[in-house]
Each structure stands twice: as structure tokens, then as C-alpha cells.
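A short worksheet on the structure shown next.
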Amino acid sequence: MTVVAVVGGKKTGKTTVTENLTRELTLRGYRVAAVKHISEPGFTIDTEGKDTWRFAQAGAKTIIGISPREIATIEKANTENLPFEDLLKKCRDSDVVILEGFRKLTAKNSEVVKIAVLKSAEDATEAEKNFSPLLAFAGLSSLVVTKSTVPYVNVLKNAERLAGLVEKTIREKNS
């Protein structure tokens, strides 16, 4: 399993990068898991008053909802100190795991390659200080990043190139 973290500041385009990278890798035949870090206090996937919410209120720690096209598992847990390995176990049937966010968890983890999403070329210097290994810089516009050997990819114009960089990492890891 190859793990890629898409990291960057708020409103930089991390979701768009994750979406385009997921699409490209899926088209190439990879089984992709996309994991979103939601930092909003009090956020819940469950909806108050719905059956699954009621099951959780009754004390269920795992609640599973099944529809004709989806299976949703809600696990009630304190995730503040969730071990990284436990997160990856949930993606066990995937070839590639794309983590959106999780900057603290992955910043210096050498097993996780990073794609730093930039708003400006100046953001590249900060990203190089905070994240390693850096596979690429990405963004939603054309930027020229000087003084760096890390390639920059405008994901709206060339998502294929970004997927190619990830695919190269997958091949190297599996050889």
C-alpha cells in the first residue's frame, strides 16, 4: 500500500487535488482510498434524529448503514490519538491511500510521500521546511517555483502528471 498525504493551508485546493488525483489513479486501475481529516469541532457524520444516530445514543460503538449502493460504518471513538497504523487498517483493500490533511500526523513520516498544495510560490519554502519527503507541489493555477527541485503541477491542467509521479512512487515501492 502506498500512502500519499495532500497537505497545505486552508482553502488552498487540497480537496480538488485529492479529487483529481483519485480520478486519475482510478482510471489507471488502482484501488484508491481517500481519507479526509475534518478538524471542525463538534462535526459528526451522523444526523441527529436518524436511526443510526439513535443507535449511537443507545450505546452502540459501531453503527453500520447499508443501502443498495453503499455501506457506511460509523465508529464512535476518541480519535485524538488514533495510531496511524489503525487508520491504515481501515484501508486494507486499497493500493493507494490518499490522506487529505493530517499534516501533524504525516509531516515527517518518511513512509508517507507528500503533495504540498500551494497558493503562491512563496508557500513552497515553508512546505519544504515542514514536510518530507515531498513528492510534488500542486495547485489550481500556474506557478513558477524557483530554488526547488520539487516539481510543481497545476492539477486543473495536468492531473495526469501528478498521477504519474504517484504511480512512479508505487512502482519503486513495489520493486
Scope region 118-170; condition under 22 Å from residue 88 (Cβ atoms), touching a Ser or Thr at 6+ places or on another chain (Cβ under 8 Å) and part of a strand (DSSP E or B); matching residues: 135
Members of region 94-103 found to be surrounded by fewer than 21 Cβ atoms within 10 Å (Cβ to Cβ) and either over 16 Å from residue 34 (Cα atoms) or charged (D, E, K, R) (or both), listed by number: 95, 103
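Looking at 52, 26, 47, which one is more than 15 Å from the chain's Cα centre (by Cα) and surrounded by fewer than 16 Cβ atoms within 10 Å (Cβ to Cβ)? Show your work before the answer.
Working: 52 fails: surrounded by fewer than 16 Cβ atoms within 10 Å (Cβ to Cβ); 26 fails: more than 15 Å from the chain's Cα centre (by Cα).
Answer to the check: 47.
Could you say which residue among 48, 80, 40, 24 is among the acidic types (Asp, Glu), outside any loop (DSSP other than H, G, I, E, B) and either within 25 Å of residue 141 (Cβ to Cβ) or free of Cβ contacts under 8 Å to residues at least 60 places away in the same chain (or both)? Explain how you work it out, then say what you get.
On the way: 48 fails: outside any loop (DSSP other than H, G, I, E, B); 80 fails: outside any loop (DSSP other than H, G, I, E, B); 40 fails: outside any loop (DSSP other than H, G, I, E, B).
Checking each option against the conditions leaves just 24.
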Enumeration of residues in region 104-117 that are among the small types (Gly, Ala, Ser) and either more than 19 Å from residue 37 (Cα to Cα) or part of a strand (DSSP E or B) (or both): 110, 116
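Looking only at region 141-175, filter to residues that are touching a strand residue (DSSP E or B) at 6+ places or on another chain (Cβ under 7 Å) and within 19 Å of residue 11 (Cα to Cα); which one of those is surrounded by the fewest Cβ atoms within 10 Å (Cβ to Cβ)?
Keep residues of region 141-175 that are touching a strand residue (DSSP E or B) at 6+ places or on another chain (Cβ under 7 Å), which gives 141-143, 145, 150-155, 161-162, 165-166, 169-170, 173.
Add one more test, that the residue is within 19 Å of residue 11 (Cα to Cα), and what stays is 141-143, 152-155.
Working: 141: 12, 142: 10, 143: 19, 152: 19, 153: 24, 154: 15, 155: 26.
Out of the qualifying residues, it is 142.
No value in this document is a laboratory result; all are computed from the given coordinates. Everything quoted here is computed from the prediction, not taken from an experiment. Here Cβ is always computed from backbone atoms with ideal geometry, including for glycine, and neighbour counts include all displayed protein chains.
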